[in-house]
Amino acid sequence: MRLLIWLESSLQIKKAGGLQRGITDAIDARRIAEYAFRFRDQMCLWEPPRLVLQKLSALSALRQRLLRVRQQLQQPIQEQQGFVEKSFQKQLTKNCQASLKAINADLESAEKQINGLIQSDDRLRELFGLITSVPGVGDAIATEVLVATNEFKAINDPKKLACHAGVAPFEYRSGSSVRGKTRVSQHARLRLKSLFHLGAMSAIRMKGELQAYYQRKVTEGKNKMLVLNAVRNKLIHRVCSVVHRRQKYDKNYTFTLA
């Protein structure tokens, strides 16, 4: 028997309920039922990811943990250079060599398994090739995008993906009295946001359209972080575009009117 499942964010249900007081299991159950009844016309059924994507997600999470552990070992030692004796610094570095060597070996193994999974599946291999054809988008970003979008089945719109990654800017304005700064939302997939930030940093260092765009906007007096966020947004739109068109990114492409 196949059951239909509707997954919804708890924060979405809470904010849709208006002003709330008190929390019990009975009250929460009623609020969830009321939400489901009110928004049944907007129901989006959950589609479980394929087994190969579940494995890819687990390996990607493992790689993230290993990277964090490696950073926790390396960074303090690097930061204290110049504050301790050189001989003692060498000793501290030597104490971590075995651990760092093991972590690097585990990282290499995880990356090989990730690459093997992608190359063994026709759909993932095709999407991976399309995504990584965009300048500034590397293997780590492509892997995280595949996991976050469920192979673009859950999210295939660039604006929704930008919002999910915490890149889309939102206005905070009401009438003539409330004029807050346009800023991104904190409700985002932080790992995806961090990776696109690194991708944007890589893109503006490479000679090309995005580097020229960044330099032009900064020269015009725009805030550097705002311009960098715009570059992140452009990367996301380009990723969705190549997947939608099923064509690799062409930096020499020129739009022609029919």
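The values are calculated or read from the model by the stated rules, or taken from the named source; none is laboratory data. Quick caveat, the model's predicted, so the values are computed rather than measured. Because the Cβ atoms are built from the backbone with ideal geometry, glycine has one as well, and the counts that use them run over all protein chains shown. Please note that ligands, DNA and RNA were not included when accessible areas were found on the heavy atoms of the full protein model with its side chains. Shrake-Rupley method; radii C 1.70, N 1.55, O 1.52, S 1.80 Å.
Here is how the numbers come out for the structure above:
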item	result
Rel. contact order, % - alpha carbon contacts under 8 angstrom, at least six apart, the chain	16 percent
Degrees between helix 122-132 axis and first principal axis of the chain (Cα, 0 to 90, nearest 10)	70 degrees
Relative contact order %, the range 1-151, counting alpha carbon pairs below 8 Å whose residues are six or more apart	25 percent
Principal-axis tilt of helix 51-79 within the chain, Cα atoms, nearest 10 degrees	50 degrees
Reach of residue 217 by Cα under 20 Å, taken over aspartates and glutamates that are not fewer than 8 positions away in the same chain	209
Whole-percent carbon and sulfur share, accessible surface of the chain, 1.4 Å	53 percent
Coarse-grained scattering of the range 197-245 at q = 0.15 Å⁻¹, given as base-10 log I(q)/I(0) from a Debye sum over alpha-carbon atoms	-0.38
Cα long-axis angle, helix 86-120 against the chain (0 to 90 degrees, to the nearest 10)	50 degrees
Spherically averaged projected area in nm², based on the convex hull that wraps the Cα atoms of the range 90-177	10.9 nm²
Accessible surface, the chain, averaged per residue in Å² (probe 1.4 Å)	69 Å²
Value at 222 nm in deg cm²/dmol, rounded to 500, when DSSP H runs of n ≥ 4 in the chain each add -39,500 (n - 2.57)	-21000 deg cm²/dmol
Cα-only radius of gyration and Dmax that characterise the range 1-140, units Å	24.0, 69
Equivalent ellipsoid dimensions for the chain as semi-axes, Å, which come from the Cα gyration tensor, largest first	35, 27, 25
For the chain, the longest site-free run once chymotrypsin sites (Phe, Trp or Tyr not before Pro) in DSSP loop states with at most 10 other Cβ atoms within 10 Å are removed	84-252
Sparsely packed GluC sites (Glu not before Pro) within the range 1-99, loop by DSSP, other Cβ within 10 Å at most 12	85
Semi-axes of the equivalent ellipsoid for the range 1-83, Cα gyration tensor, largest first, Å	42, 23, 10
Restraint check, 112/153; 55/112; 159/234; 55/101, Cα-Cα greater than 20 Å	112/153; 55/101
Overall dimensions of the range 42-120 by Cα: Rg and Dmax, Å	18.9, 65
Loop-exposed trypsin sites (Lys or Arg not before Pro) per DSSP, neighbour cap 14 Cβ within 10 angstrom, longest uninterrupted part of the chain	22-152
